[in-house]
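Please treat every number below as a calculation from the coordinates, not as lab data. Only a predicted model underlies this, so the values are computations on that prediction, with no experimental measurement involved. Here Cβ is always computed from backbone atoms with ideal geometry, including for glycine, and neighbour counts include all displayed protein chains.
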Amino acid sequence: MSQFQIAVLVGSLRRDSFNRKLATGLALLAPPDFSFRHVEIGDLPLYNQDDDANQADSVKRMKAEITAAQGLLFVTAEYNRSIPGVLKNALDHASRPYGKSAWTGKPAGVMGVSVGAMGTAMAQQHLRNILSYLDVPTLGQPEVFIKATEELFKADGSLGDDSRKFLQSWMDRYVTWVKKHAA
C-alpha cells in the first residue's frame, strides 16, 4: 500500500481536459510509495455559509478525501486570468466551517496547462494566494506553466518525451516537498 496518498484537484470539468490528462500522466512519474486520487469537485453545490452546519454529502466526501491525503496536487485551467469557479467553490467548501479546514498543513504542488501563451500563470498566482491564506505549504520551484501543443501528449494520452523529462524533475522535487511537510 502507498505510504503517501495525494488528493488531486483538477480545475476543469471538460471531458477531454488537458489538465486532467496532465494530472493522470504526472501520477505515472511518481515513485511507488505515492498514489494519486482524483477528488470529484463538479458535484458540489455552490458554497453558502448558511449550509456550514449541515454540509451536503458531496462536500463531506470531498473533505474526507482531502483529510485522508498526505499531500495535494492542483492542476488547473485558467479562466479569465484566474482559477475556474469550480475550483474556488471546492476551496471554499473544504475550508469551512471556520476552524475546520481540511486544507491546513497539507503540502501542495500547483501546475496547469492551457492553449494560451502564458500557460496558466495568472490562475496559479491566484491559487497560490488562496493556498497561502489556507495554510497550505506550496512548492515554489520549479514553476510549471505549460502551453498545450501537439507534442505534450502522445497518441495514447501519456506524456510526450520532452514534457516527461521536465515533469519528472518537477515530480522529484514534489516528492521531496511532500515527504518534508507531510504530518
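Of note:
- Taking amide H atoms as placed 1.01 Å from N in the peptide plane, the amide H of F36 lies under 5 Å from those of I6, each 5 or more residues away in sequence or on another chain.
- Applying the criteria of a DSSP loop state and at most 10 other Cβ atoms within 10 Å to the chymotrypsin sites (Phe, Trp or Tyr not before Pro) of segment 43-114 yields Y98.
- Working note: Karplus 6.51/-1.76/1.60 with θ = phi - 60° gives segment 27-36 the couplings 4, 6, 8, 7, x, x, 8, 10, 10, 10 Hz, where Gly and Pro are set to x.
- Close amide H pairs (under 5 Å, H built 1.01 Å from N) link F153 with G160, residues at least 5 positions away or on another chain.
- Residue order, fewest to most beta carbons within 10 Å, for S12, S132, S82: S132, S82, S12
- Amide H contacts of T138 (H built 1.01 Å from N, in plane; Pro and chain starts excluded): A108 sit under 5 Å, all sequence-distant by 5 or more or on other chains.
- Around D161: net Lys/Arg minus Asp/Glu count, Cβ-Cβ under 12 Å: +1
- Backbone HN-Hα couplings from phi across segment 100-117 [Karplus 6.51/-1.76/1.60, Hz, Gly and Pro as x]: 10, 6, 7, 7, 3, x, 6, x, 9, x, 10, 7, x, 10, 8, 6, x, 5
- Extension gain, S169 back to Y98 (0.36 nm per residue minus Cα-Cα distance, nm): 21.9 nm
- Computed from the Cα positions only, the extents of the chain along the three principal axes stand at 49, 36, 27 Å, in decreasing order.
- Note on the chain: helix-only mean residue ellipticity at 222 nm, from DSSP H runs of 4+ residues weighted -39500 (n - 2.57) and normalised by residue number, equals -11500 deg cm²/dmol.
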